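The values are calculated or read from the model by the stated rules, or taken from the named source; none is laboratory data. As the structure is a computational prediction, the values presented were derived from the model and not from experiment. Every residue, glycine as well, gets a Cβ built from its backbone with ideal geometry; the counts of neighbours run over all protein chains shown.
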Amino acid sequence: MLALALTARAVAADVGDEEDRALTTLVAEQVRALNARDAKAFAATFYQDGFAILPGAGDEARGTAAIAALAKRWLAGVGNASFKLDKPHYGSRWYAGELVLTSGSRLRVTGVLRANPTEGGPLVYNIGAIHISEPADDRAVLAAAAAGKLPVLPRLAGAEVGAREDTPDRIATFADRITDDPAAVVVGAAAAEHAIGKAAVSKLLAGWRTLKLSSGERIRYDDGNRMLLGWYVGHTEATVKSGGKTVKVPYRVLCLVMQPWAVARDQSATATLLAAHLSVALH
């Protein structure tokens, strides 16, 4: 089995913020682990209850042991290919970029940093969740849905079900509530759906307001140190018309939000979107 070659282009070396350094270090560790085909080392970059979504419909795992098994299976199926982490951009505790294959195809990746306090010691940083997906052609997705050939997504053990402000079906409502951080990002299922920066993200989300999405199921996480930072992994299903037929398309979702302070929440303040990544698996 040939080695998987990945390279990472980090942010400026003189970044002083501890969290920025931790994030770029962990991304580099993931790159090295994948380069060595070391699934256990890749999983070791995650928080113990972290979550990974990889390209296939069944490629979802929670917890480091399950992530290691998933990564091992995924890497075994990659075949003779090398990857490069291209165009990475780093926000405050999240990152996104593209994994470019030597064949010319691209995968998209989004991840979030989790900070964990230790008793009497420094903060410990891990990856809280990651989403790696392959952009899908809308026509191929609709054709597969119409033919009943889209794979069924696995159930998320321990997931919540039911609409709330930040459940997957509400993603478009964030069009007017986006962080000012220039690294704000939304990645959709199609290749053209990749927006970076407040204006571009707002425009993309506004175009999704007419989508009919189910609330789906979700697992919610909160940062152990940054109490306002939260994210969820989940599923949602779009009901769309295709060729006069109503079809349903399942999406996997990773969404990062910043919650308002309690006093602001009492004054009807709402969460702000940092990043979101949606994908459709064709296999």
For this session: For residue 155, state whether it is in the same structural domain as residue 27 (by TED's automatic domain parsing), of a type in the set (D, E, K, R) and within 25 Å of residue 48 (Cα to Cα).
Result: no
For this session: Tell me the strands (runs of 3 or more DSSP E) entirely within the stretch 181-275 that contain at least 3 residues that are in contact (Cβ under 8 Å) with a residue 24 or more places away in the chain and under 28 Å from residue 148 (Cβ atoms).
Result: 217-222, 229-242, 245-258
For this session: List every residue pair whose Cβ atoms lie under 7 Å apart, where the two residues are 6 or more positions apart in sequence or sit on different chains, the first residue falls within the stretch 146-160 and is surrounded by 10 or more Cβ atoms within 10 Å (Cβ to Cβ), and the second residue, located anywhere, is assigned to a loop (DSSP other than H, G, I, E, B).
Result: 146/243; 151/57; 151/281; 151/283; 153/57; 154/58
Exercise. Which number in (1) surrounded by 15 or more Cβ atoms within 10 Å (Cβ to Cβ); (2) part of a helix (DSSP H, G or I) marks the one condition that residue 25 misses?
Worked result: (1)
Exercise. Which of the residues that make up the stretch 91-142 are in contact with a strand residue (DSSP E or B) (Cβ under 7 Å, 6 or more places away or on another chain), charged (D, E, K, R) and free of Cβ contacts under 8 Å to residues at least 24 places away in the same chain?
Worked result: 98
Problem set entry | Qualifying residues in the stretch 216-263 (those that are out of contact with any helix residue (DSSP H, G or I) (no Cβ under 6 Å at 6 or more places or on another chain) and at positive phi) - the one modelled with the lowest pLDDT | 243
Problem set entry | Among (1) surrounded by fewer than 19 Cβ atoms within 10 Å (Cβ to Cβ); (2) assigned to a loop (DSSP other than H, G, I, E, B) - the single one residue 173 does not satisfy | (2)
For this session: Kindly indicate which of 104, 128 is assigned to a loop (DSSP other than H, G, I, E, B), of a type outside the set (A, V, I, L, M) and over 20 Å from residue 238 (Cβ atoms).
Result: 104
Seminar exercise, completed: For the stretch 64-114 the number of residues that are of a type in the set (S, T, N, Q) and under 14 Å from residue 130 (Cα atoms) is 2
For this session: State whether the residues of the stretch 81-95 include one that is outside any loop (DSSP other than H, G, I, E, B) and more than 19 Å from the chain's Cα centre (by Cα).
Result: no
For this session: Would you be able to say whether some residue in the stretch 56-64 is of a type in the set (A, V, I, L, M, F, W, C), assigned by TED's automatic domain parsing to the domain that holds residue 22 and farther than 20 Å from residue 282 by Cβ?
Result: no
For this session: Scan the stretch 78-115 residue by residue and report those that are of a type in the set (Ser, Thr, Tyr), in contact with a helix residue (DSSP H, G or I) (Cβ under 9 Å, 6 or more places away or on another chain), crowded, with 18+ Cβ neighbours inside 10 Å and within 15 Å of residue 257 (Cα to Cα).
Result: 95
